[in-house]
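*Asks:* This is the structure I want to talk about, given as structure tokens.
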Amino acid sequence: MLKNCKLVEFHNFKDDRGNLVAIENPKNLDFPINRIYYIYGVDSDAERGFHSHKILHQVLIVVSGSVKIRISTNNEEETVLLDDPSKGLYIGPMIWREMYDFSKDAVLLVLASEKYDESDYIRDKDEYLKLASEYFSNNDKDIVMHSKNFKMKYVTLGDADFILKLRTNETLGQYISPTDNSLYKQISWLNEYKKREREKKEFYFKTYNDNEDIGFFRLYNIDYNKKELTFGSFIFKENKPKYAAIESIIVAMEIAFKKLQVQKVYLDVRVKNIKAKNFYNRFGFQKINEDDLNEYYELTKDEYDKLYEEKYKEFL
Ligand code: T46
């Protein structure tokens, strides 16, 4: 399914008296409903929508009849036929939508996360395409840094799908803080992160190359007075290309020590995550503490500078 969209199946309590579908936040809807509206009595040749929303999350349900929804971004398009009242189409931010082929009896019920706000609409297609390509694409102009084989840029709300896929993967996500499998929550989290990014409090990067998105890392708890920060949220797709992890952490250290000019980088790793512990040890991090759950490591600027000259500059 298209980025920022999802088909949701609701339980249908069906018996010989008929059907009942219940929608309840947070049970089977991951955002609180602030508005409900419905569209009906639409001529079969009428088309509606033709806009996107900047932050609104919605679930569209055809409680009667059928309707087609064409959803698209700057480079993808998909058409969904809604004809079952127990199914909903979740549409997140920055998706262009067009509704057409309304059946005579169609009633399109929409559950929305926000109150009506005309300034949240993007109704001009050219403006949408421009904004969407910034939001969803890996534009080279966005590169913050690169290493020999990879590029790194700040994550955008359009990365929510991929972050969620990695973090909720049973194998990949086993040693990181649990993440709710909710696209709405992930997009909302990124929205809050973007505020911290604008205030230079935190930086979340995606590692990618010309073919694919590969993984993520984050610099947070940045303390410009104490000159220290924490490195984490380090996660990569299965079968990641060779050197993706090492080149990413070197870029992270370059940003930390040279751009943000900290003197110390901390990280914590789950005690059971042997592979990661070996990786950080080999990289040059020193263990400073441990408890039942985590081991705590640090790397100083002086140590990194030495390692950089000895071996890491070749990777950039
Ligand atoms: C969407 C698709 C699926 C309000 O005053 N309050 C509201 O909550 C809504 C939804 C609309 N309006 C007014 C604004 C317009 O004067 O109702 C009029 C028709 O709205 P619009 O032309 O935007 O309708 P659609 O069918 O093209 O789009 C609607 C929703 O607006 C939109 O958010 O995603 O349904």
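*Asks:* Please tell me if residue 60 is assigned to a loop (DSSP other than H, G, I, E, B) and within 12 Å of the ligand (Cβ to nearest atom). Show your work before the answer.
*Replies:* Numbers: assigned to a loop (DSSP other than H, G, I, E, B): no; within 12 Å of the ligand (Cβ to nearest atom): yes.
The answer is no for residue 60.
*Asks:* Out of the residues in the stretch 18-52 that are of a type in the set (S, T, N, Q) and more than 9 Å from the ligand (Cβ to nearest atom), state the one that is surrounded by the most Cβ atoms within 10 Å (Cβ to Cβ).
*Replies:* So in the stretch 18-52, the residues of a type in the set (S, T, N, Q) come out as 19, 25, 28, 34, 44, 52.
After this cut, where a residue has to be more than 9 Å from the ligand (Cβ to nearest atom) as well, the list is 19, 25, 28, 34, 44.
Numbers: 19: 10, 25: 13, 28: 15, 34: 13, 44: 10.
The selected residue is 28.
*Asks:* Looking at 115, 54, can you tell me which residue is modelled with pLDDT under 95 and among the charged types (D, E, K, R)?
*Replies:* Working: 115 fails: modelled with pLDDT under 95.
On inspection, the qualifying residue turns out to be 54.
*Asks:* Residues of the stretch 70-93 being in contact with a Ser or Thr (Cβ under 6 Å, 6 or more places away or on another chain) and either at pLDDT below 95 or near the ligand (Cβ under 10 Å from one of its atoms) (or both), which ones? Before you say what the answer is, go through the steps one by one.
*Replies:* Residues of the stretch 70-93 in contact with a Ser or Thr (Cβ under 6 Å, 6 or more places away or on another chain): 70, 74, 83.
The one that is in contact with a Ser or Thr (Cβ under 6 Å, 6 or more places away or on another chain) and either at pLDDT below 95 or near the ligand (Cβ under 10 Å from one of its atoms) (or both): 74.
Matching residues to (1) free of Cβ contacts under 8 Å to residues at least 40 places away in the same chain; (2) in the same structural domain as residue 147 (by TED's automatic domain parsing); (3) farther than 24 Å from residue 177 by Cα; (4) assigned to a strand (DSSP E or B):
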{"residue": "215", "(1), (2), (3), (4)": "no, yes, no, yes"}
{"residue": "220", "(1), (2), (3), (4)": "yes, yes, no, yes"}
{"residue": "229", "(1), (2), (3), (4)": "yes, yes, no, yes"}
{"residue": "262", "(1), (2), (3), (4)": "no, yes, yes, no"}
{"residue": "272", "(1), (2), (3), (4)": "no, yes, no, no"}
{"residue": "281", "(1), (2), (3), (4)": "yes, yes, no, no"}
{"residue": "289", "(1), (2), (3), (4)": "yes, yes, no, yes"}
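*Asks:* Go through the stretch 66-85 and count every residue that is over 12 Å from residue 96 (Cβ atoms) and touching a residue at least 24 places away in the same chain (Cβ under 8 Å).
*Replies:* Restricting attention to the stretch 66-85, the residues satisfying the condition of being over 12 Å from residue 96 (Cβ atoms) are 66-68, 79-85.
Filter once more, so that each one left must be touching a residue at least 24 places away in the same chain (Cβ under 8 Å): 66-68, 80, 82, 85.
Result for the stretch 66-85: 6.
*Asks:* Out of (1) of a type outside the set (A, V, I, L, M, F, W, C); (2) touching a residue at least 40 places away in the same chain (Cβ under 8 Å); (3) farther than 19 Å from residue 145 by Cβ; (4) in a helix (DSSP H, G or I), what's the single condition that is false for residue 254?
*Replies:* It fails just one condition, (3).
The values are calculated or read from the model by the stated rules, or taken from the named source; none is laboratory data. None of the values given here were measured: they were computed from a predicted structure. All Cβ positions, even for glycine, are placed from backbone atoms using ideal geometry, and neighbour counts span all protein chains on display.
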